[in-house]
Amino acid sequence: MKKKIYIAGKVTGEPIAQCTMKFGNAQKQIEALGFEVVNPLALVNDWKAPWHEAMKKCLKALIDCDGVLMLDDWHLSKGAKIELQLAISLGLSVQYYNTKFQPVFDPRINYQF
């Protein structure tokens, strides 16, 4: 059974095209390593959804994941901060993504998701 990874990052206030590309690129990289991915943009699938309704969907999905990938803008997002705290509280593996310094994953490393 594939391990399931949730992607967390800033969505609110971001341009749709840029946000879609950011989450989509991370999703492709994680899937290429054989993980199942929970992309909150696909999960909510409604750019006009109220923030609290979107977060309810996202937090419910996060609970069933094995780990979370924090995109490099997570610290600018109220929702991503909540997702990080939930992941830590549940003992999920947390990995950090930084587009300026390193790829999401190094395929030579055996991650503990």
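The values are calculated or read from the model by the stated rules, or taken from the named source; none is laboratory data. Here the structure is a predicted model, which is why all the values come from computation and not from measurement. Here Cβ is always computed from backbone atoms with ideal geometry, including for glycine, and neighbour counts include all displayed protein chains.
A few points about this structure:
- Tallying residues that are under 21 Å from Lys2 (Cα atoms) and either of a type in the set (Val, Ile, Thr) or surrounded by fewer than 17 Cβ atoms within 10 Å (Cβ to Cβ) (or both) within segment 34-48 yields 6.
- Some residue of segment 49-61 being at pLDDT 95 or above and under 11 Å from Ile5 (Cα atoms): yes
- Total residues in segment 7-24, condition under 11 Å from the mean Cα position of the chain (by Cα) and farther than 16 Å from His75 by Cα: 1
- Tallying residues that are within 22 Å of Ile16 (Cβ to Cβ), in a strand (DSSP E or B) and β-branched (Val, Ile, Thr) within segment 28-69 yields 2.
- Candidates Asp72, Asp66: the one that is closer than 21 Å to Met1 by Cβ and of a type outside the set (Val, Ile, Thr) is Asp66.
- Candidates Leu41, Leu69, Leu59, filtered to the one that is without any contact (Cβ under 8 Å) to a residue 60 or more places away in the chain, aliphatic (A, V, I, L, M) and under 13 Å from Ala87 (Cβ atoms): Leu59
- Among (1) out of contact with any Leu (no Cβ under 8 Å at 6 or more places or on another chain); (2) modelled with pLDDT of 95 or more - the single one Glu83 does not satisfy: (1)
- Subset of segment 77-86 [in contact (Cβ under 8 Å) with a residue 24 or more places away in the chain, surrounded by 14 or more Cβ atoms within 10 Å (Cβ to Cβ) and either in a helix (DSSP H, G or I) or among the aromatic types (Phe, Trp, Tyr) (or both)]: Gly79, Ala80, Ile82, Glu83, Leu84, Leu86
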